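First up is the structure itself, then whatever we jot down about it.
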Amino acid sequence: MNTTNKVLAGLFAAQVVLVALTWSAGDGAPDDDAAPLIAADKGDIGKLVITGKPAKEGEAPDSVTLVRKGDAWVVGTADDFPADTKKVDEVLDKLLDARVRAPVANNKANHNALEVGDRAYAKKVELTVDGKPQAFVVGNAKGTSVHVRRADEDAVYLARGVSAWALSDRVRSYVDADYIKVDEPTEVQVTQGSRSITVVKADNGDWRVNELAADAEIDQSRVRSFVSSARSVQLAEPVGKTVEPAYGLGDGATVVTLRKEDGETIYRIGAADDDAFYVKAEGNDYVVKVNKYAIETLTTQTPDKFIKTAEPAPQPGGMPGMPPPGSDPAALMRALGGPG
């Protein structure tokens, strides 16, 4: 880089810092000279798409597509899985409340430096307002502010009132994550082919395992952990209403039955896809994905794993490799590597 370019780069960096400091200093002042980033009424927004940057080149990025259906919002890529309207509104409010002043840059050469370029960016946001699309590229900035530009323009603005982190690109951020939630089940049964486990809660609050002998000593903490995994299942993402053969939700699936006095809840755990299992509950139209670590124990547990194991007996001598107390001094010296 020659001297002239270095000077220009330094002036540009100073300008960005000055703008950021000006915004920060004015946090308590009215924004009389600031304009909204998006001039729209919330009720006129019919679609919101937020896409992140791929973690690795060639990988598909995380993305969420939310569509308005009357007064509600749904996930447009999962057969209109219900979204949490309050969570969607919170993000829309942040976008609509964001304010901008004069551009901090107008040259395309500065886009990547401000993380609103083709190569470097934090999020891409698409809105449909009154049926017309609007697209933005968002980059990180100081505090609750972002660098942002319209996708079809070169001008870059500093928008205050929203952060790139707050614009989640995960579907899970906009839905009720509780797919299965049964408080205090009294019986949990898990079957998979010929494998079966049934744990039943006794009157004293302890659990027994029907497949074990009556006098078997049960590790109650292990059973409680097993029951907790079964009774509370949170989705990673909704899939849709169509049950595909590849989901493995047919005869080979793991069937989990939760029982209590007022009825039972049944769901099936199917095939694994990357780091998640396909799951489908009876009475629920939707197939979802659930993180493997959350429910894998339900697909692998066997009754014998609930038997309490004896604590290992303490080794004499204290330190591994050391002779036990009372050994002759020569043995001690040999253990320490000295002459003996």
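Read the figures in this text as sums done on the coordinates, not as results from a lab. None of the values given here were measured: they were computed from a predicted structure. Every residue, glycine among them, receives a Cβ derived from its backbone with ideal geometry; neighbour counts consider all protein chains shown.
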Requested in this report: Find the Rg to Rh ratio for the stretch 35-174, where Rh is the Kirkwood radius over alpha-carbon pairs and Rg uses the same atoms.
Outcome: 0.96
Query raised in the report: What is the spin-label model distance, in nm, from V243 to A177 if the labels are put 7 Å beyond Cα along the C-beta direction?
Result: 2.7 nm
Requested in this report: Quick one: which residues, 5 or more positions from E211 or on another chain, have an amide H under 5 Å from its amide H? H modelled 1.01 Å from N in the peptide plane, none for Pro or chain starts.
Outcome: T198
Report summary line: Once Q234 and D84 are pulled to full extension, the length gained, defined as 0.36 nm per residue separation minus their Cα-Cα distance, is 52.5 nm
Query - Separation in nanometres of the label points that stand 7 Å from Cα toward Cβ, at A271 and E126 - result: 2.9 nm
Report task. Over the stretch 35-174, calculate the relative contact order: mean separation of alpha carbon pairs under 8 Å at least 6 apart, over the residue count, as a percent. Result -> 27 percent
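Which net charge results for the neighbourhood of T254, defined as the other residues with beta-carbon distances under 13 angstrom from its beta-carbon, given Lys and Arg at +1 and Asp and Glu at -1?
That sum, taken over residues with Cβ under 13 Å, equals +2.
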**Report entry** Förster-model FRET efficiency, 45 Å R0, D44 and N284, C-beta, rounded to 0.05
**Finding:** 0.85
Query raised in the report: Between N204 and A135, what is the FRET efficiency for a Förster distance of 56 Å, r being their Cβ-Cβ separation, to the nearest 0.05?
Result: 0.35
**Report entry** Exposure proxy order (Cβ contacts within 10 Å, fewest to most) of I197, I218, I307
**Finding:** I307, I218, I197
Report summary line: Cα extents of the stretch 167-219 along the principal axes, largest first, in whole Å, come to 55, 31, 16
Report task. Mind giving me the FRET efficiency for K69 and W165? R0 is 45 Å, r the Cβ-Cβ distance, nearest 0.05 is fine. Result -> 0.95
Report task. Could you check the simple spin-label distance between A213 and T191, using points 7 Å along Cα→Cβ, in nm with one decimal? Result -> 2.7 nm
Report task. Identify, among V138, L48, A105, the residue whose Cα sits farthest towards the positive end of the charge dipole of the stretch 35-174, taking +1 on the Cβ of Lys and Arg and -1 on the Cβ of Asp and Glu, with the dipole about the Cα centre. Result -> A105
Report task. Any chance you could list the semi-axes, whole Å, largest first, of the equivalent ellipsoid that the Cα gyration tensor gives for the stretch 178-306, using √(5λ)? Result -> 26, 15, 12
Query raised in the report: If you add up the charges near V67, with Lys and Arg at +1 and Asp and Glu at -1, over every other residue whose beta carbon is less than 11 angstrom from its beta carbon, what do you get?
Result: +2
Query raised in the report: Taking the stretch 51-110, which trypsin sites (Lys or Arg not before Pro) meet the DSSP loop condition and have no more than 12 other C-beta atoms within 10 Å?
Result: K56
Query raised in the report: What list do you get for D80, D176 if you sort them by fewest beta carbons within 10 Å?
Result: D176, D80
Query - Surrounding net charge for N106, when Lys and Arg each add one and Asp and Glu each subtract one, Cβ distance under 12 Å - result: 0
Report summary line: For the stretch 178-306, averaging the sequence separation of alpha carbon pairs under 8 Å that lie six or more residues apart and dividing by its residue count, the contact order in percent is 28 percent
